[in-house]
Amino acid sequence: MKKEEFAYGAETRKEFSEAVVSVLREVERKGWTVFGVYDIRERLAARGFSHPPLKIIEICSGKYADRFLNQDKMVSLCMPCKINVMEENGRVKLITMRPGLMRQFFPEMDEKDAQEAEKELKEIVDRAAGTPSGETK
């Protein structure tokens with residue numbers, strides 16, 4: 001499987017911290033919930049490792065979570081959804097997993113629900129990045 005099949009992303013011209021705030025705003029605007037924000041760079045630095053900025057933002061849509069869990073409780077292994085904000089070679093990128101991919105592991109998941117959740121995640125990423133259609137993976 002190629003990364004492009006697994007993940008969806010967009011590059012932004014925003015500074016790293018501005019991109020994080022943009023994701024948080026778009027999550028709220030879309031009606032999703034932020035569960036947590038993890039500063040991976042900071043946590044690894046505490047252990048003596050050096051990495052470029054990376055924050056993992058865990059989010060959830062109650063609507064989709066309810067539907068997916070009613071179809072198969074094992075889907076919880078893929079929950080909550082994540083949007084990663086990372087800096088790589090001086091560029092800031094927003095990346096998320098494609099929920100439609102989960103159907104390969106959980107075929108009882110409703111395809112329409114998976115595609116709707118994926119569409120909403122893409123919209124959050126695109127709007128937060130300030131791009132019309134996130135093309136950078």
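The values are calculated or read from the model by the stated rules, or taken from the named source; none is laboratory data. What you see is a predicted model, and the numbers here were worked out from it, not measured in a lab. Every residue, glycine as well, gets a Cβ built from its backbone with ideal geometry; the counts of neighbours run over all protein chains shown.
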Which of the residues spanning segment 18-28 are under 20 Å from residue 51 (Cα atoms) and either touching a Lys or Arg at 6+ places or on another chain (Cβ under 9 Å) or loosely packed, with under 12 Cβ neighbours inside 10 Å (or both)? 19, 20
Any idea which of (1) in a loop (DSSP other than H, G, I, E, B); (2) under 20 Å from residue 120 (Cβ atoms); (3) at pLDDT 95 or above; (4) not aliphatic (A, V, I, L, M) is the one residue 106 doesn't satisfy? (3)
Collect the residues in segment 54-68 that are of a type in the set (A, V, I, L, M) and either closer than 26 Å to residue 16 by Cβ or touching a helix residue (DSSP H, G or I) at 6+ places or on another chain (Cβ under 6 Å) (or both), keeping them in residue-number order. 54, 56, 57, 59
If I filter segment 111-133 for residues that are within 19 Å of residue 32 (Cα to Cα), at pLDDT 95 or above and in a strand (DSSP E or B), do I get at least one hit? no
Please name all residue pairs, on different chains or six or more residues apart, with Cβ atoms under 6 Å, provided the first residue is in segment 91-111 and is within 29 Å of residue 20 (Cβ to Cβ) and the second residue is among the charged types (D, E, K, R) and assigned to a strand (DSSP E or B). 91/11; 93/11
Please go through (1) outside any strand (DSSP E or B); (2) of a type outside the set (Phe, Trp, Tyr); (3) within 22 Å of residue 26 (Cβ to Cβ) for residue 76 and return the number of the only condition it doesn't satisfy. (3)
Scanning for something crowded, with 18+ Cβ neighbours inside 10 Å and out of contact with any Lys or Arg (no Cβ under 7 Å at 6 or more places or on another chain), does segment 69-78 turn up at least one residue? yes
Here's a check for you: in segment 89-119, which residue that is surrounded by 12 or more Cβ atoms within 10 Å (Cβ to Cβ) and acidic (Asp, Glu) is farthest from the chain's Cα centre (by Cα)? 110
Residues (small (Gly, Ala, Ser), without any contact (Cβ under 8 Å) to a residue 60 or more places away in the chain and outside any helix (DSSP H, G or I)) located in segment 1-51: 31, 36, 46, 48, 50
